[in-house]
1. Taking 0.36 nm per residue of sequence separation and subtracting the Cα-Cα distance, how much length would be gained by fully extending the chain between residue 197 and residue 68, in nm to one decimal?
2. Describe numerically, in nm with one decimal, the distance between label points set 7 Å from Cα along Cα→Cβ at residue 126 and at residue 289.
3. Above 18 Å lies some portion of the pair distances; for the range 183-244, what is it as a whole percent of all C-alpha pairs?
4. Over the Cα atoms of the range 134-269, each weighted equally, I'd like the Debye log10 I(q)/I(0) at q = 0.11, 0.12, 0.16 Å⁻¹, rounded to two decimals.
5. At each listed q (0.09, 0.13 Å⁻¹), what is the log10 of I(q)/I(0) that the Debye formula gives for the range 1-154 modelled as equal alpha-carbon point scatterers?
6. Tell me the mean residue ellipticity at 222 nm calculated for the chain from its helices only (DSSP H runs of n ≥ 4, each -39500 (n - 2.57), averaged over every residue, nearest 500).
7. Quick one: P(r) of the range 76-159 from all Cα-Cα pairs, 5 Å bins, percents rounded to integers, in order of increasing distance.
8. Antiparallel DSSP bridges in the range 134-269: what percent, to the nearest 5?
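Nothing in this text is a laboratory measurement; each read-out follows from the coordinates by a stated rule. Since the model is a prediction, treat every value here as computed from it, not as a measurement. FYI the Cβ positions are ideal-geometry reconstructions off the backbone, even for glycines, and counts take in every protein chain you see.
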Ligand code: COD
């Protein structure tokens, strides 16, 4: 059954994304290991935007000291504090019990948070694969638009069944941006299907599933290389006639390395702002890297709010 878009109008940049999140908030956002300068600054920004009610989890005296040193008096006054030695486990159980709408990684390692979330006793797992979708602002077609990359954050070497679930998760995120019929490019190094490039075989299989209607209202094309996914003139030059080619809303990459490299390339080489969210669990999970800015983390909170409200 097709899933209805979360919002009626398509979100095409991060300003729109924050705007779209406002009427859907505030959501309870747990900052896990909250004695973290950037995460606290982002939580304060999201509080100010009206999209988050921060729940600061970790060693309370450290969190208060850090927030005070940053001058975040509004956050200290409005946030809920949860004192916990094992912030990840406490946050995961609170999410499982329905007390938290969104998890944001603070001062702890990504795998610490993910292992707490994957613990069956926490009640956050749904049976669906968890995967990460990153958004960046793409300007190759002239007008800025948000384009997704998945999965550069979680699944190291997904098999075909796991890629199928990564596609399903990506479709759900695209629908949250108001895209009723998302265009997904299944990425490889070439448009040719070849035994010597295994990702091209999986890409063709996923595209065939898309054509057979297995994913509902969606256009899927693969294998596609980066140029033909994003540049209409490149697809035309190669004679590829498909609605996705040159206009992909989301690129599904073959493994974590390609997704991670592509995500960091759009950010650091391309200079784009970013947002990303892990979906597939009971609540959206935000696992920004330690070097991401507070602004990118606020974008991720806005994306998480949109997803949580679907
Ligand atoms: N979705 C749902 N369940 C999962 C997933 C997933 N993506 N991955 C594992 N599980 C379940 C398994 O079914 C199992 O029940 C349990 O979790 C443990 O599974 P393992 O032993 O295969 O997984 P782990 O413990 O080795 O680690 C899972 C991680 C997600 C932590 C691991 O894959 C990981 O570290 N991924 C990379 C994360 C990372 O460092 N990203 C940084 C780049 S930004």
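1. 41.1 nm
2. Result: 2.7 nm between the two label points.
3. On the way: 560 of 1891 pairs.
Everything past 18 Å amounts to 30 percent.
4. -0.33, -0.40, -0.74
5. For the requested q values the scattering log ratios are -0.33, -0.69.
6. Values: 12 runs with 122 residues, N = 310.
Value at 222 nm, helices only, nearest 500: -11500 deg cm²/dmol.
7. So the P(r) values, bin by bin, are 3, 12, 17, 20, 15, 12, 10, 6, 4, 1.
8. On the way: 5 of 15 bridges.
Bridges in the range 134-269 are about 35 percent antiparallel.
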